[in-house]
Each structure stands twice: as C-alpha cells, then as structure tokens.
Amino acid sequence: MSASLEGAAALVTGASSGIGEATARAFAAQGAAVALVARRRDRIEALAGEIELASGRAVTIEADVSDRAQAESAVAKAVEGLGQLDVVVNNAGVMLLGPIVDAPVEEWEQMVEVNLLGLLYVSHAAVPHLLEAAAGERGVADLVNVSSVAGRVARFGSGVYNATKHGVGAFSESLRQEVTGRHVRISLIEPGAVETELSSHNRPEILEQIKSRFADVERLQSTDIADAISYVVTRPRHVAINELLVRPTEQTA
C-alpha cells in the first residue's frame, strides 16, 4: 500500500507555474497542507485560493530561493504556518541554453544561483525538520529534487545547465547516504521535455533552436511530472525511489 499524504505538510518551491504548481495541486488533492513558495505572489495567492475552495489548506510565501536569507525564511514560515514539514520539493529552476563560447556569463550566474544554491539553501534549512518528521507519527519524510535529463547527459549548447543539474544529482546522492538510515528519503526527478514556461526565458535565437529540436515530439505536461512526484512520496516507508527519469515517448535523447 502507498503511504497517504492526508495530514502531511509539504513545501513546494517554484509553485507559481509549471511542475511546481501541478505538484502543489496534486498534493493538496491527496490531503496535504501545502506551502507555496515562489517570487510571483499573485500567482501563488490565486493557487492557494483554488486549493482552499476545494477544502484544502495552503499558505503562500513570496521568496527568491537564490537568496539564502529568503530561502531560510521560507522554510521557517512554512513550518510556522503548517506546524511541521513532511515533504519538500525543490522545483525552482531556470534553463538558459546556448554555446559556452561568448555566452552571457550573467545567465550562468543565474542558473548556478537558482538551480544549485537555491536548492542547497532550502535543503539545508529543511532537513532538520524532515528528520524530526521522520521520527514522528508518519515515520518517513521526503526531499524531492527536480533535476533534468540534462543531469545525466551533457549536450552541446547546454553546458552550464548540465553542470548545475549534474551538481543536483551529486548533492542528492550524497545527502541520501547521510539521512536514509533515519527514514528521510532523497529522490531525484529527471524530466525530459515538458510543456512549461521553463524554456521561454531563453534568447530568441536559442528559443527557436529548442522549438526546432522538439517540433515532432509530444512533450510531457506538468501534471505528468506531478504524478511521478506524488508516486515517489506516497511509497510505503520501506520503499525509496532514489531516481526517476521521465521522458516523452518520442524523445530520443
């Protein structure tokens, strides 16, 4: 049997759109109280309103997780608002592609700050609460880090994005070894091409390349990845899904 999310408290970063939004909805539908963390307050407030109309519970936390103080404050506010923390989903991320030669270094800095440092800050602040939750009535807690197929294979045109996602994988595995004996499960979710806003922030010429590459591929939807994340965090206490790669059927690499 799967573990229930009824009565659990979850924090989701990047909850204002895409995978984060879909995951928050899925958790709430399964009975979890959800802390919605994102920079766009209007969007997370609208999402919280929808969750509450459906008899769910949500708190909104406006934060840029790439700022350490804001990330730590977001975790503290989630615990204060929900009373506990059983599940954390590190979903916030940016994907700014292009060749390494002559690249705008500011794009690299943004990816490192959000994809790596933001995830590290949230994880560091959340793990003590997850350890406490795992020792409690539910008996298990989950930290889910959303990576990418880019965290497995390096490709031309995505070198620094690859570097950040490979880093997420390395951090996740090391942390897994550290806390798994105390029933905090660390899981890595690696989506392939998903129909979200993620690619829309690229420069126009890069955006055209992305569109061309996946022109004949039926991309995944955010709900597909939310479903995978929900599966991971609802396994029985003795089952840990350490890594899950989810690609569109037609995606070859």
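What follows draws every value from the coordinates through simple rules; no lab data is involved. In this text, all values refer to a predicted model and were calculated from it rather than measured experimentally. Cβ placement follows ideal geometry from the backbone for every residue including glycine, while neighbour counts extend to all protein chains displayed.
Principal-axis analysis of the Cα atoms of the chain puts helix 222-233 at an angle of about 40° to the longest axis. Axis angle, to the nearest 10 degrees, between helix 18-29 and the longest C-alpha principal axis of the chain: 20 degrees. The relative contact order of the chain, computed from alpha carbon pairs under 8 Å that lie at least 6 residues apart in sequence, is 20 percent. Under a Gaussian network description of the chain, with springs only between Cα atoms under 10 Å, the residue in Ser212, Ser200, Ser123 that fluctuates furthest is Ser212.
Please build a GNM for the chain, connecting alpha carbons under 10 Å apart, and tell me which residue among Glu72, Glu132, Glu80 fluctuates the most. With Cα springs under 10 Å in the chain, the top fluctuation among Glu72, Glu132, Glu80 is at Glu80. With respect to the chain, whose longest principal axis is taken over its alpha-carbon atoms, helix 159-179 is tilted by about 20°.
Based on the mean of other beta carbon atoms within 10 Å per residue, what is the order of 53-59, 136-142, most packed first? Provide the component values of the computation, followed by the final result.
Values: 53-59: 15.0, 136-142: 18.9.
Answer by packing, highest mean first, reads 136-142, 53-59.
Please find, in a Gaussian network model of the chain (springs between Cα atoms separated by less than 10 Å), the residue of Glu197, Glu205, Glu109 whose mean-square fluctuation is greatest. The residue that fluctuates most here is Glu205. For segment 187-243 versus segment 151-175, the spacing of their alpha-carbon centroids is 15 Å.
3J(HN,Hα) along segment 193-204: 6, 10, 7, 9, 7, 3, 7, 5, 8, 6, 4, x Hz, from the Karplus curve 6.51 cos²θ - 1.76 cosθ + 1.60 with θ = phi - 60°, whole Hz, x for Gly and Pro. Once backbone amide H atoms are built at 1.01 Å from N, Ala103 has no partners under 5 Å, excluding neighbours fewer than 5 places away on the same chain. Stokes-Einstein diffusion for segment 89-222 at 20 °C, viscosity 1.002 mPa s, with a Kirkwood radius from C-alpha pairs, works out to 134 µm²/s. Dividing the C-alpha radius of gyration of the chain by 2.2 N^0.38 Å, with N its residue count, gives 0.96. For segment 143-253, the fraction of alpha-carbon pairs lying more than 17 Å apart is 59 percent, rounded to a whole number. Considering only Leu117, Val232, Ser199, the residue lying farthest towards the positive end of the dipole of the chain is Val232, judged by Cα position with unit charges set on Cβ. Sorting 30-42, 218-230 by their mean Cβ neighbour count within 10 Å, with the most densely packed peptide first, gives 30-42, 218-230.
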